[in-house]
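S.K.: Okay, handing you the structure first.
Values in this text are rule-based calculations from the coordinates and carry no lab data. Treat the numbers as computed from the prediction; the structure is a model and nothing was measured. Cβ placement follows ideal geometry from the backbone for every residue including glycine, while neighbour counts extend to all protein chains displayed.
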There are 2 protein chains.
Amino acid sequence: MGENVLKAIQDEYPDDFAWCYGCGRLNEHGHHFRTFWQGDQTVTIYTPSPEHTAIPGFVYGGLIASLIDCHGTGSAALALHRKNGHEPGDGETPPRFVTASLNVQFLKPTPQGVPLKAVGTVEEIHPKKWKIETEVYAKDVLCARGEVIAVVMPKTFLQPSQ
Amino acid sequence: MGENVLKAIQDEYPDDFAWCYGCGRLNEHGHHFRTFWQGDQTVTIYTPSPEHTAIPGFVYGGLIASLIDCHGTGSAALALHRKNGHEPGDGETPPRFVTASLNVQFLKPTPQGVPLKAVGTVEEIHPKKWKIETEVYAKDVLCARGEVIAVVMPKTFLQPSQ
């Protein structure tokens, strides 16, 4: 299923913004989600750990929400980067997005022990605001749908608010 | 802020359904969210760990989504249990809900290092389907809003699907 991805967008985030629990390569405790192009769609593949349980045998919804969230911000970064003429691996630093809203519909219980594949379709709302529609599959079964509105990281993230 | 809660609904879930990564008391790796009544509203209080980072200094959105998710199912369980004449601690096993949909609006960057307080308002759609509107505060700052539609756990959760 392509888990050995060479060029994920998260590999290119600046070090200061690579600490996300979901997708930061520098967060040693995190999930290390990695998002890449597959044609005109974006893909993130992740196999939940045994402790990511909802009811025994099924994946925790918060993990699925996390996957959709980081897949959304990564997909937006891929899309704006491509619009700007760049692809992961070409040496250019990509934009960094954050999530404005996250919507998840849990369609079926998601079985544990198999890789989950998030497949995203990205749409520009305006250059700093993108919508990502995501489907999450376990094997070939559609288990969840998500929508993320991602915005270019605002300056309020550079320093904790009061 | 009332972190020493004696009677949370998750304390009463049957052992077989107490393994949730978010709120299962038996999941040694999980968050152990605990949800209780405060008047007519429901409350869950949780201090994220240092690794639950989005951008350094701010809480990971997936953690906030997880908090809203389990707070929602716990709140629905509290509400149906109360409707049935019971309160946590009275010896009666409460109903167990799962999440049908989860919607999160991230209003402000959420600072790390302080307890988060999720405050929920519960509304019955029908006896097996409840809506929970949640506000998440860091200190007294409203950082996120969520809506969960929770349904009584269907039988499909009793055995992994094919």
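S.K.: May I ask you to order A:70-77, B:94-101, B:83-90, A:148-155 by the average number of other C-beta atoms within 10 Å around their residues, highest value first?
M.R.: Highest mean packing first, the order is A:70-77, B:94-101, A:148-155, B:83-90.
S.K.: Quick one: net charge around residue A:80, please, counting Lys, Arg +1 and Asp, Glu -1 for every other residue with C-beta under 11 Å from its C-beta.
M.R.: Computed value for this residue: +4.
S.K.: Can you tell me the Rg and the Dmax, both Å, for the Cα atoms in chain A?
M.R.: Just the Cα atoms of chain A yield Rg and Dmax of 15.1, 46 Å.
S.K.: Moving to a separate point now. I'd like the FRET efficiency for residue B:28 and residue A:29, computed as 1/(1 + (r/R0)^6) with the beta carbon distance as r and R0 of 22 Å, rounded to 0.05.
M.R.: Here the calculated transfer efficiency is 0.90.
S.K.: Under unit Cβ charges (Lys, Arg +1; Asp, Glu -1), what dipole magnitude, rounded to 20 debye, does the stretch A:100-162 have relative to its Cα centre?
M.R.: Roughly 160 debye, rounded to the nearest 20.
S.K.: Going toward the positive end of the dipole of the stretch A:9-158, with +1 on Lys and Arg Cβ and -1 on Asp and Glu Cβ, which of A:52, A:101, A:122 do you reach last?
M.R.: Positive-most Cα among the choices belongs to A:101.
S.K.: If N is the number of residues in the stretch A:1-69, what value comes out of its Cα radius of gyration divided by 2.2 N^0.38 Å?
M.R.: 1.17
S.K.: HN-Hα J couplings of the stretch A:70-79 from phi, Karplus 6.51/-1.76/1.60, θ = phi - 60°, integer Hz, Gly and Pro as x?
M.R.: 5, 4, x, 5, x, 5, 5, 5, 4, 5
S.K.: Could you tell me the center-to-center distance, by alpha carbons, between the stretch B:41-81 and the stretch A:1-79 in angstrom?
M.R.: 20
S.K.: Here's something else I'd like to know. Given R₀ = 30 Å, what would the calculated FRET efficiency be for residue B:126 paired with residue A:141, taking r from the Cβ atoms and rounding to 0.05?
M.R.: 0.60
S.K.: May I pose another question? Peptide A:16-25: average number of partner chain Cβ atoms within 10 Å per residue?
M.R.: If you average over the peptide's residues, the count of other-chain Cβ atoms is 5.
S.K.: Let me ask another. Using DSSP to define loop residues, name the GluC sites (Glu not before Pro) in the stretch A:91-162 whose beta-carbon has at most 11 other beta-carbon atoms within 10 Å.
M.R.: none
S.K.: In Å, what Kirkwood hydrodynamic radius results for the protein assembly as shown from the alpha-carbon pair distances?
M.R.: After inverting the pairwise mean of 1/r, the radius is 19.7 Å.
S.K.: Given +1 on the Cβ of Lys and Arg, -1 on the Cβ of Asp and Glu, and no further charges, what dipole in debye does chain A carry about its Cα centre, rounded to the nearest 20?
M.R.: So the magnitude is around 300 debye.
S.K.: Using a label position 7 Å from Cα in the Cα→Cβ direction, what is the ascending list of nm distances from residue B:29 to the same site in the other copies?
M.R.: 1.4
S.K.: Kindly give the semi-axes, whole Å and largest first, of the ellipsoid equivalent to the stretch A:41-110, taking each as the square root of 5 times a Cα gyration tensor eigenvalue.
M.R.: Output for the stretch A:41-110: semi-axes of 30, 13, 9 Å.
S.K.: Here's a follow-up. Per the helix-only calculation at 222 nm, which mean residue ellipticity applies to the protein assembly as shown, given -39500 (n - 2.57) for every DSSP H run of n ≥ 4 and division by its residues, nearest 500 deg cm²/dmol?
M.R.: Calculated at 222 nm, the ellipticity per residue is -5000 deg cm²/dmol.
S.K.: Put a point 7 Å out from Cα along the line to Cβ at residue B:47; what are the distances to that point in the other copies, in nm, shortest first?
M.R.: Shortest to longest, the spacings are 3.6 nm.
S.K.: DSSP loop (so not H, G, I, E, B), at most 11 other Cβ within 10 Å: list which GluC sites (Glu not before Pro) in the stretch A:1-71 pass both filters.
M.R.: A:3, A:28
S.K.: Let me ask you something else. About the Cα centre of the protein assembly as shown, how large is the charge dipole given +1 on each Lys and Arg Cβ and -1 on each Asp and Glu Cβ? Please answer in debye to the nearest 20.
M.R.: Once rounded to the nearest 20, the dipole reads 460 debye.
S.K.: Determine, from the Cβ-Cβ distance of residue B:47 and residue A:49 and an R0 of 25 Å, the FRET efficiency 1/(1 + (r/R0)^6), rounded to the nearest 0.05.
M.R.: About 0.65, to the nearest 0.05.
S.K.: So, one more: Counting pairs on different chains as well as pairs 8 or more places apart, how many Lys pairs in the stretch B:9-158 have Cα atoms under 30 Å apart?
M.R.: Taking the Cα cut-off of 30 Å, the pair count is 17.
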